[in-house]
Amino acid sequence: MKHLLNITDYSTEELQALIDKAVFIISDPWAYNHSCEGKKLATLFFEPSTRTRLSFEAAMLELGGRVISVTGAGGSSVTKGETLADTARTVSCYADVIAVRHPLAGSARAMANSSAIPIINAGDGGHYHPTQTLADLLTVYREKGKLGGLRIGICGDLLYGRTVHSLIDAMSRYEGNSFVLISPKELMVPPYYTEKLGELGIPFVQTDDLDEALPEIDMLYMTRIQRERFEDPAQYEKLAGRYILDAARMKRASDDCIVLHPLPRVDEISTDFDSDPRAVYFTQAFNGKIMRKALILKLLAGKEHPDNTDLSPEGEKLFRDDTLSCTNSRCVCTHERGIRKEFYTDRHGTVRCAYCDQPVTAAKE
Ligand code: NCD
């Protein structure tokens, strides 16, 4: 059984097949409306959501399937102390596929390890958000007619923005792309991503100047400063409102520079830009539902998919070692009892936690 933990779980061919299926669904919206009859999707959302949860649920309903759900941290036995592993084992008895959102990195992987049905990561802390990337890919493909050969601006909270991490993972696989990473220095993308881009020979620059970047990019991916990930509220206040894109500012950009945003927005895109044809963020929300339909169809057709819980996002083999431990307080590893501690060695020889991808050290005696 194949889970979707990060976008790198799918090859570019698999991504293209999902995009092609989505484009077909848009042309013939009723094509699959009985395909999931008798099937159930469970949505387990331990963090707030509007688009992701409702688009998953709408997608399943439009495929003829049904939905069961838990919302809010207080809505399930996890608050009684149940582990995510036991939750997954239990929900596997009631549904055919699970979409989970949780504040800890690696939470979807923790569930996948004990689930009898496919797990879809609908956002694990500030780590990954692969189904948002599916929405982003379809949007770029429909608006630009291609996924490569683009100068991609990404602006805002590149440190905690999980949509950004999965987007870079995806867009760095298409030929001819380059990146302009725009953020305050406190919110720069984790070094893992710049190292990866460097190694792959993909051109990128890091800057805090949105105005300077605007004239040279083909698309701009705006993001919200992720208030809920800050330990110090004063730090959030200091950085909030740093980038505000409005109609006047967008005059600096080319006529075909599309603007995406995973939404929700706070103040980083002014509503005076909404009617500009380059503003595609609400189309992007629509595209999210269509790609989730394509994804559910793929996962429920899934006999041929091999299990992928034994590989890292870059395809390295996982191993177990009791002398190692992950100390990342934002990782599921440091919270979940009885978790199967797994690691992998990356291409530099650095040992990383399989759940949060952070480097680990030998456990202290
Ligand atoms: C994003 C998320 O939850 O990471 N929203 C979404 O799923 N569309 C972005 C955000 O919350 O800023």
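Here are the numbers:
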quantity	calculated
Failed condition for residue 121, given (1) buried (at least 24 other Cβ atoms within 10 Å of the Cβ); (2) without any contact (Cβ under 8 Å) to a residue 60 or more places away in the chain	(2)
Total residues in segment 7-29, condition in a loop (DSSP other than H, G, I, E, B) and more than 22 Å from residue 96 (Cβ to Cβ)	3
Search result, residues across segment 211-234 that are open to solvent by 70 Å² or more (accessible area, probe 1.4 Å) and within 13 Å of the ligand (Cβ to nearest atom)	227, 228
Residues located in segment 175-196, provided they are among the hydrophobic types (A, V, I, L, M, F, W, C) and either open to solvent by 10 Å² or more (accessible area, probe 1.4 Å) or touching a strand residue (DSSP E or B) at 6+ places or on another chain (Cβ under 7 Å) (or both)	179, 180, 181, 182, 188, 189
Selection within segment 235-253 - open to solvent by 40 Å² or more (accessible area, probe 1.4 Å) and either part of a loop (DSSP other than H, G, I, E, B) or within 16 Å of the ligand (Cβ to nearest atom) (or both)	242, 244, 246, 248
Cross-chain or 6+ apart pairs with Cβ under 6 Å, segment 92-108 first and among the polar types (S, T, N, Q), then open to solvent by 10 Å² or more (accessible area, probe 1.4 Å) and part of a loop (DSSP other than H, G, I, E, B)	92/115; 92/116; 92/117
Condition met for residue 170 (touching a Gly at 6+ places or on another chain (Cβ under 7 Å), part of a helix (DSSP H, G or I) and open to solvent by less than 20 Å² (accessible area, probe 1.4 Å))	no
Failed item in (1) of a type in the set (Phe, Trp, Tyr); (2) modelled with pLDDT under 95; (3) not in a helix (DSSP H, G or I), with residue 192 passing the rest	(3)
Residue 334 vs. criteria without any contact (Cβ under 8 Å) to a residue 24 or more places away in the chain and closer than 27 Å to residue 53 by Cα	yes
Answer residue from segment 279-289, given it is open to solvent by less than 10 Å² (accessible area, probe 1.4 Å) and in a helix (DSSP H, G or I) and is nearest to the ligand (Cβ to nearest atom) among those	288
Residue satisfying all of: in segment 53-90; under 29 Å from residue 326 (Cα atoms) and open to solvent by less than 20 Å² (accessible area, probe 1.4 Å); nearest to the ligand (Cβ to nearest atom) among these	84
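Each row is one residue, and each column tells you yes or no for (1) open to solvent by 30 Å² or more (accessible area, probe 1.4 Å); (2) over 20 Å from the mean Cα position of the chain (by Cα).
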position	(1), (2)
295	no, no
313	no, no
345	yes, yes
358	yes, no
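The values are calculated or read from the model by the stated rules, or taken from the named source; none is laboratory data. Note that this is a predicted model, so its numbers are computed, not measured. For neighbour counting, all protein chains shown are included, and Cβ atoms are generated from backbone atoms with ideal geometry for every residue, glycine included. Quick note on the areas: whole protein, heavy atoms, side chains included, nothing else; ligands and nucleic acids left out. Shrake-Rupley method; radii C 1.70, N 1.55, O 1.52, S 1.80 Å.
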